[in-house]
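The values are calculated or read from the model by the stated rules, or taken from the named source; none is laboratory data. Quick caveat, the model's predicted, so the values are computed rather than measured. With ideal geometry, Cβ positions are generated from the backbone for all residues, glycine too; neighbour counts draw on all protein chains shown. SASA here: full protein model, heavy atoms, side chains in, ligands and nucleic acids out. Shrake-Rupley method; radii C 1.70, N 1.55, O 1.52, S 1.80 Å.
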Amino acid sequence: MTASTVIWRSPTATEPWNQERKLADLAARALGHGGRTALSAWLDDGDGLWLTAPGAVAYVHGERHDLWWEFTLEASFRWQAHLCRMRPEVYQQRLRHLTRALGLEGVLGREVTGLTHGTRALADLAVALLPYPRLLLWEEPFYLMSQAEADRAVRLVEAEHAGGMTLVAVAREKPGLDDLPATPRWPHGRRLHAAQ
């Protein structure tokens, strides 16, 4: 399989980092060096100068997760909210929204070690999206997800994009980005008009 990239520019962000060529550079770096390394270099180069607030940039790798392995899933959400200095009422609202959208409401009290691979992948995405990031770098997004899980994840990311988030998704391995449309649809299959 050849490497693939999907970029959805934010319909609302006007800063230079949201330009197609800057985002394409981030995608190319992620494919060449891995997402964390690429994101760090891209931000250090000044391309993400406007993305310095806590939680402004989210990174998710579909094969690995950043959840607290030995604690409950809810602990990972609480820690992310603490790191991003989220107000408690905003955290609670966001937690309800994300867990409902991804079907995670019933597993918040379970230890991360007891979750299936697909559920952990969805949970990792939800934790990353908790602070309303302006940019999501999503690497190998569907590697551990079933088709139903991938569909839920795509619908959520489309909604986040409609709210102003930029997406850069990259994949080198199967299943690749086949489940992610080249341009976002909202709602339920209707295409969004890209910001000019």
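Quick check: net charge around residue 111, other residues with Cβ under 14 Å of its Cβ, Lys/Arg +1 and Asp/Glu -1?
Once all neighbours under 14 Å are counted, the net charge is 0.
Could you work out how far apart the two model spin labels at residue 21 and residue 117 are, taking each label as a point 7 Å from the Cα in the direction of the beta carbon, and quote it in nm?
Once both label points are built, they end up 4.0 nm from each other.
Starting from the Cα of residue 79, step 7 Å along the direction of its Cβ; do the same at residue 41; then give the gap between the two resulting points in nm.
Result: 2.8 nm between the two label points.
Spelling out what I want: for every residue of region 122-128, take phi, set θ = phi - 60°, compute 6.51 cos²θ - 1.76 cosθ + 1.60 (Karplus), and round to whole Hz; glycine and proline get x.
My calculation for region 122-128 gives 5, 5, 4, 4, 4, 4, 5 Hz in order.
Show me, for region 141-156, the HN-Hα J-couplings you get by feeding each phi into the Karplus relation (A = 6.51, B = -1.76, C = 1.60, θ = phi - 60°), rounded to Hz, glycine and proline as x.
Coupling constants for region 141-156: x, 10, 3, 10, 9, 6, 4, 5, 5, 4, 4, 5, 4, 5, 4, 5 Hz.
Run the numbers for residue 97 and residue 183: contour at 0.36 nm per residue of separation, minus the present Cα-Cα distance, in nm.
Result: 28.6 nm gained on full extension.
Match the structure shown to one of the listed values (1) -0.37, -0.77; (2) -0.37, -0.69; (3) -0.30, -0.65 of log10 I(q)/I(0) by the Debye sum over Cα atoms at q = 0.09, 0.13 Å⁻¹, computed from it, and give that label.
It is the value labelled (3).
With r defined as the distance between the Cβ atoms of residue 147 and residue 33 and R0 fixed at 35 Å, what FRET efficiency is calculated, to the nearest 0.05?
Computed FRET efficiency for residue 147 and residue 33 comes out at 0.70.
Add +1 for every Lys or Arg and -1 for every Asp or Glu among the other residues with Cβ under 14 Å from the Cβ of residue 14, and state the total.
Summing Lys/Arg as +1 and Asp/Glu as -1 gives +1.
Give me the dipole magnitude in Debye, nearest 20, for the chain about the Cα centre, with unit charges on the beta carbon: positive for Lys and Arg, negative for Asp and Glu.
480
Quick one: Karplus J couplings for region 13-23, per residue in order, coefficients 6.51, -1.76, 1.60, θ = phi - 60°, nearest Hz, x for Gly and Pro?
Calculated HN-Hα couplings, in order: 6, 10, 5, x, 4, 8, 7, 4, 5, 5, 6 Hz.
With the full set of protein chains in place, find how many percent of the accessible area of the chain is carbon and sulfur; take the probe as 1.4 Å.
For the chain, the apolar C and S fraction of the accessible surface comes to 51 percent.
Given the options 93, 127, 57, identify the residue whose Cα lies farthest towards the positive end of the charge dipole of region 32-153 (+1 on Cβ of Lys, Arg; -1 on Cβ of Asp, Glu).
Sorting the options by dipole projection puts first 93.
Loop only per DSSP, at most 16 neighbouring Cβ atoms within 10 Å: give me the GluC sites (Glu not before Pro) in region 132-181, ordered by residue number.
Details: sites: 139, 149, 158, 160, 173; in loops: 173.
Answer in residue order: 173.
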